[in-house]
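Read the figures in this text as sums done on the coordinates, not as results from a lab. Predicted, not measured: the structure shown is a model, and the values here were computed from it. Please note: Cβ atoms are built from the backbone with ideal geometry, for glycine as well, and neighbour counts cover all protein chains shown.
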Amino acid sequence: MRWLPYFILAYLVLGLQIGLRGHVTIGGAWPNLVMLAAIFIGINAPRDAALLGCLGLGLLHDLVTQQPLGLFAVTYGLLAMFTVSTQQVVYRAHPLTHVSLALVGGLLYGGIVLLHGWIRGPWLSPMMLFYSALYTALLAPLVLGVLGRMRRAFWFQPGRRKIRL
């Protein structure tokens, strides 16, 4: 994976996430565009690059929000582990794959944020987090379809196969 396009994607997605947060909310629910970028990297990149890339996206997301350092990093790291484990099973360009991975990622994010809010506060509404997961899942085919068209710029390479003797 080329790291320059990765950092450009991270910069753009974080900027859109921050800039559009108040303008694209529906009933208090907001789309998580950074999570969609993490899903894109997790689907296409080799295992090690995907885990490192999603962890980096989470750390960058932690730095630009008021959440404690590591909350998004853990969430996107777990999402990357789930997504990488499904690479061989799912069709990467299918919209249903995008919707299902975004819904699972949104629910995972919601569960971790609820657990964090229960332990340390502030507490967020579970329904608002669920609606945010649905909103993100509905936007996933559009966003991941556009990112899929730019897949060649990232130069994703499959992992090397080991020869067993």
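So if I check each of Gly42, Gly53, which one is in contact (Cβ under 8 Å) with a residue 24 or more places away in the chain and farther than 21 Å from Leu142 by Cα? Outline the logic, then answer.
Numbers: Gly42 fails: farther than 21 Å from Leu142 by Cα.
Of Gly42, Gly53, the one residue that is in contact (Cβ under 8 Å) with a residue 24 or more places away in the chain and farther than 21 Å from Leu142 by Cα is Gly53.
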So the check is Cβ under 7 Å with 6+ separation or different chains; which pairs have a first residue in region 58-78 that's within 20 Å of Trp123 (Cβ to Cβ) and in contact (Cβ under 8 Å) with a residue 40 or more places away in the chain and a second one that's part of a helix (DSSP H, G or I) and charged (D, E, K, R)? Leu71/Asp62
If you scan region 85-99, which residues turn out to be in contact (Cβ under 8 Å) with a residue 12 or more places away in the chain, of a type in the set (Ser, Thr, Tyr) and in a helix (DSSP H, G or I)? Thr97
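Inside region 2-32, can you point out the residues that are closer than 24 Å to Tyr131 by Cβ and in a helix (DSSP H, G or I)? Break it down into steps so the answer makes sense when it comes.
In the first step, residues of region 2-32 are kept if they are closer than 24 Å to Tyr131 by Cβ; the result is 13-32.
Result: Val13, Leu14, Gly15, Leu16, Gln17, Ile18, Gly19.
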Out of all the residues in region 5-19, which are more than 13 Å from His61 (Cα to Cα) and either surrounded by 14 or more Cβ atoms within 10 Å (Cβ to Cβ) or in contact (Cβ under 8 Å) with a residue 12 or more places away in the chain (or both)? Pro5, Tyr6
Would you check which residues across region 33-78 are part of a loop (DSSP other than H, G, I, E, B) and surrounded by fewer than 24 Cβ atoms within 10 Å (Cβ to Cβ) and list them? Pro46, Thr65, Gln66, Gln67, Pro68, Leu69, Gly70
Can Leu139 be described as closer than 14 Å to Ile43 by Cβ, surrounded by 18 or more Cβ atoms within 10 Å (Cβ to Cβ), in contact (Cβ under 8 Å) with a residue 60 or more places away in the chain and of a type outside the set (Gly, Ala, Ser)? no
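Quick check on Tyr91: is it of a type outside the set (A, V, I, L, M) and touching a Leu at 6+ places or on another chain (Cβ under 6 Å)?
Values: of a type outside the set (A, V, I, L, M): yes; touching a Leu at 6+ places or on another chain (Cβ under 6 Å): no.
So Tyr91 fails the test.
Take Arg2 and tell me if it is farther than 28 Å from Tyr91 by Cβ and among the basic types (Lys, Arg).
For Arg2, the condition - farther than 28 Å from Tyr91 by Cβ and among the basic types (Lys, Arg) - is not met.
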Going by the conditions given, is Val64 closer than 22 Å to Val113 by Cβ, in contact with a His (Cβ under 8 Å, 6 or more places away or on another chain) and among the β-branched types (Val, Ile, Thr)? no
Condition test on Leu103, is it touching a residue at least 40 places away in the same chain (Cβ under 8 Å), assigned to a helix (DSSP H, G or I) and either surrounded by 15 or more Cβ atoms within 10 Å (Cβ to Cβ) or in contact with a Cys (Cβ under 9 Å, 6 or more places away or on another chain) (or both)? no
